[in-house]
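Structure record follows, encoded as structure tokens.
The values are calculated or read from the model by the stated rules, or taken from the named source; none is laboratory data. This structure is a prediction, so every number in the text was calculated from the model and none was measured. All Cβ positions, glycine included, derive from the backbone under ideal geometry; neighbour counts span all protein chains shown.
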Amino acid sequence: MTDPVQPTRRQMLRLFAVTGATAGIAALSVPSIASTPCATDGTPLQFVPKTQPDPKPLDNELVRYPKCPYCGMDRTQYHHSRHLVQYQDDLIDATCSLHCAALSLALNLDRGPKAIYAADFGAKTDPKPLVNVDDATYLIGSKLPGVMTQQSKVAFADKTAAEAVQKEQGGELGDFDTALQAAYQSMASDTAMIRKKRADKKQHAAHG
């Protein structure tokens, strides 16, 4: 049963948009910007996933969705933290992390998710297989390194596996909604961190 004190997933997404927390999204966009404007620029439609409807997104998904559309990171390199959002119209947003999946969900408020998948961090195979987040247990705020965030949030298909890692790495266990709320709460500081890292990288490249 849902705790009435806790906000629902959709309420959190709407609150995130209303409070203007998406102001830092520009810092996370892919560095290359299209020179030709699209007809949907300046409207909510500009954030619609730029993919064809895909009723079977898990089939060979790392080959078909190799890059995160929000930060440009390689999803195979970050296979252990990647997420995939399948919306009700079968449009797909495949991201490198929960951080970027949270951006997708916030920007597509009127497009309900049909399913959301996360990498099973506890799996012994590489790349990590995807699991429906409704069946996952998240370890939040452990000593494990985060992806696009200072506060790591990793998913496990097996709660026992999550508990074993928790004993070694600390952190708190929670469901997807708890992890998503944590992602939104850390969005401002994470955006500042990412912006600084990218600026430092550009400065280093400029000086050879």
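Below is a table of values for the structure above.
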| read-out | value |
| --- | --- |
| Odd one out for Thr125, checked against (1) in a loop (DSSP other than H, G, I, E, B); (2) crowded, with 18+ Cβ neighbours inside 10 Å | (2) |
| Residue among Thr160, Thr191 that alone is out of contact with any Asp or Glu (no Cβ under 9 Å at 6 or more places or on another chain), among the β-branched types (Val, Ile, Thr), surrounded by fewer than 17 Cβ atoms within 10 Å (Cβ to Cβ) and over 27 Å from Val63 (Cβ atoms) | Thr160 |
| Odd one out for Asp177 among (1) closer than 15 Å to Leu103 by Cβ; (2) in contact with a helix residue (DSSP H, G or I) (Cβ under 8 Å, 6 or more places away or on another chain); (3) in a helix (DSSP H, G or I); (4) not β-branched (Val, Ile, Thr) | (1) |
| Selected residue (only one of Leu84, Leu98, Leu62, Leu105 is modelled with pLDDT of 95 or more, touching a strand residue (DSSP E or B) at 6+ places or on another chain (Cβ under 9 Å), aliphatic (A, V, I, L, M) and surrounded by fewer than 20 Cβ atoms within 10 Å (Cβ to Cβ)) | Leu62 |
| Hits in region 113-126 (condition: touching a Lys or Arg at 6+ places or on another chain (Cβ under 8 Å) and not aliphatic (A, V, I, L, M)) | Asp120, Phe121 |
| Qualifying residue in region 129-138 (condition: assigned to a strand (DSSP E or B) and in contact (Cβ under 8 Å) with a residue 60 or more places away in the chain) | yes |
| Matching entry among Asp110, Asp90 (being under 16 Å from Tyr65 (Cα atoms), assigned to a loop (DSSP other than H, G, I, E, B) and out of contact with any helix residue (DSSP H, G or I) (no Cβ under 6 Å at 6 or more places or on another chain)) | Asp90 |
| Odd one out for His80, checked against (1) in a loop (DSSP other than H, G, I, E, B); (2) in contact with a Leu (Cβ under 9 Å, 6 or more places away or on another chain); (3) within 21 Å of Phe176 (Cα to Cα) | (2) |
